[in-house]
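Visitor: Got a structure for you, questions after.
Rule-based calculations on the coordinates, nothing more; no lab input. Just so it is clear, the structure is predicted and the values come from calculations on it, not from any experiment. Cβ atoms come from the backbone with ideal geometry, glycine included; neighbour counts cover every protein chain shown.
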Amino acid sequence: MNAVATALLPIFGVITLGWLLRRSGIVPADFWPKINRLSYQALLPALLFSSISTTSQDLTTAIPFLAAATLAFVTMGIIAMGLVTLPVGGPAFTSVFQGGVRWNGFVLLALSGVVFGPEGAALASLVFAPTVPIINMMCVAVLSVWGASDEKPNIAGVIRRIAVNPLIIACIAGIFANTLGWFQTGPIADTAALAGRAALPMILLAIGAGLDFTALKARPALLGLTISLKLVVAPLVFWGLGTAFGVTGMPLALLVAIGSTPGAAAGYVLASEMGGDARLMAGHVTATTLLAFVALPLWIGFAGG
């Protein structure tokens, strides 16, 4: 077993524990959304701030990496839009689209520090800042047009929610702190680091609790298409654009890892709220989470990680 697969074992072990806790009823079902909210609003921002603010890497050297990652997500959106003519119905198309562009950055964060070291963890954290708004705007726009819901979102409200997104704020604050040399040590740095250490275990447990194996039976042909977009096409796009931008070595392997991460549960939530095919989205998240155990080591090895 290679180093990446070995590093993934405890990650998938915690995900499995989350599934067992939900299935057994040891942790009540209504508790998991509260874990998600705590992690998203407080613990994960602390982790991002701590990782970015204390990295010794020159953040200006990350510009080609971030440009390639951002353009790769946009490219996946364009590729997914090319499937709009599929005779599957608007709601199903929105879930195909989300399957192609959304990524579970939390799994990558858990992996990056072990496989790519502190510099890789900092780079992985930085990706959230430019990509969170772009991915959300693309998905909301597609669901607004092709979703089955009659209630369309307030665009100003969507922009406002993105502007106050705690992940984006944490990334920007971390960049400023790193550039100015603030909070490198002391109580604030220690508090952020301590809270951040709680983020990934909580999030991985919640990912496991959200797995829905019954949804794997929903529209298997379309599910196969969304899996291919996420675990085959996306890694190639990220590798190609990374190479074009002159990204090499560890950053290139990290780029390909971003491309081959599983789908994000946020896609299921958005599909449920805006008239997408939530069942297909649940199947996509479950299938890609399971298959990522194979896909991530293969693609990182391909990129030379």
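Visitor: What fraction of the Cα pairs in the range 172-281, stated in percent, has a spacing above 18 angstrom?
Guide: Summing the P(r) of the range 172-281 above 18 Å gives 69 percent of all pairs.
Visitor: I'd like the distance separating the alpha-carbon centroids of the range 33-112 and the range 237-305, in whole Å.
Guide: Taking the Cα centre of each part, the range 33-112 and the range 237-305 sit 8 Å apart.
Visitor: Length gain on complete extension for the stretch ILE134 to THR61, per 0.36 nm per residue less the alpha carbon to alpha carbon distance?
Guide: 24.1 nm
Visitor: Continuing with the same structure: Please grab the % of Cα pairs in the chain that end up more than 24 Å from each other.
Guide: Numbers: 23488 of 46360 pairs.
Pairs farther apart than 24 Å: 51 percent.
Visitor: Give me SER125, SER149, SER56 ranked fewest to most by other Cβ atoms within 10 Å of their Cβ, as a rough exposure proxy.
Guide: SER56, SER149, SER125
Visitor: Give me the Debye-computed log₁₀ of I(q)/I(0) at q = 0.11, 0.16 Å⁻¹ for the range 77-196, equal point scatterers on Cα only, no solvent, two decimals.
Guide: Values returned for q = 0.11, 0.16 Å⁻¹ are -0.52, -0.90.
Visitor: Per residue, how big is the convex hull of the range 1-138 when only Cα atoms are used? Give it in Å³.
Guide: Roughly 161 Å³ of hull volume per residue.
Visitor: While we're on this one: If one puts a single equal scatterer on every Cα of the range 1-72 and applies the Debye formula without solvent, what log₁₀ I(q)/I(0) results at q = 0.14, 0.22 Å⁻¹?
Guide: -0.80, -1.06
Visitor: Rank the residues LEU44, LEU231 as a footprinting-exposure proxy: fewest other Cβ atoms within 10 Å of their Cβ go first.
Guide: Ordered by Cβ neighbours within 10 Å, fewest first: LEU231, LEU44.
Visitor: Short version: ³J(HN,Hα) in whole Hz for each residue of the range 47-59, in order, from phi by Karplus 6.51 cos²θ - 1.76 cosθ + 1.60 (θ = phi - 60°), x for Gly and Pro, what are they?
Guide: Taking θ as phi minus 60°, the curve returns 5, 4, 4, 4, 5, 6, 5, 9, 5, 8, 6, 6, 5 Hz for the range 47-59.
Visitor: GNM, the chain, Cα, under 10 Å: largest mean-square fluctuation among GLY25, GLY240, GLY117?
Guide: Highest fluctuation among the options: GLY25.
Visitor: Working out 0.36 nm times the residue gap between VAL145 and ILE172, then minus their Cα-Cα distance, what length gain in nm do you get to one decimal?
Guide: Taking 0.36 nm per residue and subtracting the Cα distance, the gain is 6.6 nm.
Visitor: Could you give each residue of the range 162-176 its phi-based ³J(HN,Hα) in whole Hz, using Karplus coefficients 6.51, -1.76, 1.60 with θ = phi - 60°, and x for Gly or Pro?
Guide: Per residue, the Karplus-derived 3J(HN,Hα) values read 5, 5, 9, 4, x, 5, 5, 4, 5, 5, 5, 4, x, 5, 4 Hz.
Visitor: Helix 105-115 against the longest principal axis of the chain: what's the angle in degrees, Cα atoms only, rounded to the nearest 10?
Guide: That works out to roughly 40 degrees.
Visitor: THR214 to LEU291: extension gain in nm, 0.36 nm per residue of separation minus the Cα-Cα distance?
Guide: Net length gain for the segment: 26.1 nm.
Visitor: First measure r as the distance between the Cβ atoms of ARG37 and PHE302, then evaluate 1/(1 + (r/R0)^6) with R0 = 30 Å and state the FRET efficiency to the nearest 0.05. Spell out each step's value before the answer.
Guide: On the way: r = 37 Å, r/R0 = 1.22.
With R0 = 30 Å, the Cβ-Cβ based efficiency is 0.25.
Visitor: With the chain treated as a Gaussian network of Cα nodes joined by springs under 10 Å, which of ALA141, ALA121, ALA156 yields the largest mean-square fluctuation?
Guide: Maximum among the listed residues: ALA156.
Visitor: I would also like to ask the following. Compute the angle between helix 278-302 and the longest alpha-carbon principal axis of the chain, please, reported from 0 to 90 degrees and rounded to the nearest 10.
Guide: 50 degrees
Visitor: Would you calculate a helix-derived [θ] at 222 nm for the chain, using -39,500 (n - 2.57) for each DSSP H run of n ≥ 4 and dividing by the full residue count, to the nearest 500?
Guide: Only helices count here, giving -23500 deg cm²/dmol.
Visitor: By how many degrees, 0 to 90 and rounded to 10, does the Cα axis of helix 63-81 deviate from the longest principal axis of the chain?
Guide: 0 degrees
Visitor: Just grab the label-to-label distance for THR85 and THR179, each label 7 Å out from Cα along the Cβ direction, in nm (one decimal).
Guide: Taking the simple label geometry, THR85 and THR179 are separated by 4.5 nm.
Visitor: Magnitude of the Cβ-charge dipole of the range 109-266, K/R +1 and D/E -1, about the Cα centre, nearest 20 debye?
Guide: About 240 debye.
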